[in-house]
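Working notes for the structure below.
Please treat every number below as a calculation from the coordinates, not as lab data. A quick note: this is a predicted structure, and the numbers were derived from the prediction, not measured. Using ideal geometry, Cβ is built from the backbone for each residue, glycine included, and neighbour counts are taken over all protein chains shown.
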Ligand code: GLU
């Protein structure tokens, strides 16, 4: 599960974005990136690996400007790499996009855009969004993002920035990935979850499915992207939610302790982990390319060891039953912290 962050206000955007990205790392990710805009130019840095790797290539001292977006990626389309890391830009390099989720019909859209003359730099579904927005852009970023959203199918949270309108971010949401807008004084924030915002504000809007938000330092206008006309005209009066959790409690999502939180998150976590890896047809095989193992190699496995710590160790004890029942091969479960010291017997084939 990846993370999206955004900032528009009066402070240096870069350090705020990096701080919020660090808050989202617990969600799991394989690459990270940021884009900040100043005087009609993007400062864009991204890399495969950790947020600390991104920190190493970002010039923290730089006078970065006061608007930007950032991302931690959990790859679904295109392997983890610097090229595939977000933000992605359009052909003109003026539009920057981060996305959490999947554009299901990205292949058809990509072919259409290539025929219309667009050039792609990455293997991701996300880059399609940047080019679609470019295609529809006519001096109004919100309208262009709304039209792009209308063309896409899938489940996604999107955050977009344009060099020509560098006083605003446009956020949109289709189906499940969450997107939260944090309301500050003379500044507004975006993040995938509440804990990442709580150091800055406790007043939030939760974006709903089908909605689009135009976010400047002084205003947030929420509308429906299916509305064909002027999506930056306010459609809803949204009640501000005041979160009364401390940042520490918020990390636990309102649950009294982490274990309860993790138990309740399991259905969503399994869904997020397999996102983009499940076939459309229920009887088609699941392909986990990252494992780098052939079907023949899998079929030759004669026994398995699950190595895990804490709650995961207990989950493995349950998984042992399921795997042995389904596969009829023996499974042992080992405690991770002991494994390398206890000289385990490892069978090589
Ligand atoms: N589908 C997008 C990609 O592969 C976004 C994945 C994510 O949610 O991080 O780049």
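So what's the back-of-envelope 222 nm ellipticity for the chain, counting only DSSP H runs of four-plus at -39500 (n - 2.57) apiece and dividing by all residues, rounded to 500?
-8500 deg cm²/dmol
Where does helix 13-24 land angle-wise versus the long Cα axis of the chain, in degrees 0 to 90, nearest 10?
Rounded to the nearest ten degrees, it is 30.
Any idea how far the Cα center of the stretch 136-190 sits from the one of the stretch 1-78, in Å?
16
If we count other beta carbons within 10 Å of each Cβ, what is the order of 245, 74, 107, 347, fewest first?
Going from least to most buried by this count: 347, 107, 245, 74.
For a quick check, take a GNM of the chain with Cα springs below 10 Å and name the residue from 251, 111, 99 with the largest mean-square fluctuation.
Residue with maximal mean-square fluctuation among 251, 111, 99: 111.
Who wins for biggest fluctuation among 330, 256, 80 in a Gaussian network model of the chain, springs between alpha carbons below 10 Å?
330
Rank the residues 149, 18 as a footprinting-exposure proxy: fewest other Cβ atoms within 10 Å of their Cβ go first.
Going from sparsest to densest Cβ surroundings: 18, 149.
Output the 0 to 90 degree angle, nearest 10, between the alpha-carbon long axis of helix 258-274 and the longest principal axis computed from the alpha carbons of the chain.
Tilt of helix 258-274: around 80 degrees.
Using Cβ counts within 10 Å as a stand-in for footprinting exposure, how do 54, 327 rank, fewest first?
Least crowded to most crowded, the residues run 327, 54.
Please give the helix 310-327 orientation as an angle from the longest Cα principal axis of the chain, in degrees from 0 to 90, rounded to the nearest 10.
60
Thinking of the stretch 16-76 as a set of Cα atoms, what percent of all their pairs are more than 17 Å apart?
34
Using a Gaussian network model of the chain with C-alpha springs under 10 Å, which one of 56, 315, 146 is most mobile by mean-square fluctuation?
Checking each option, the largest mean-square fluctuation is seen for 315.
If r is the Cβ-Cβ distance from residue 293 to residue 257 and R0 is 41 Å, what FRET efficiency results, to the nearest 0.05?
0.65
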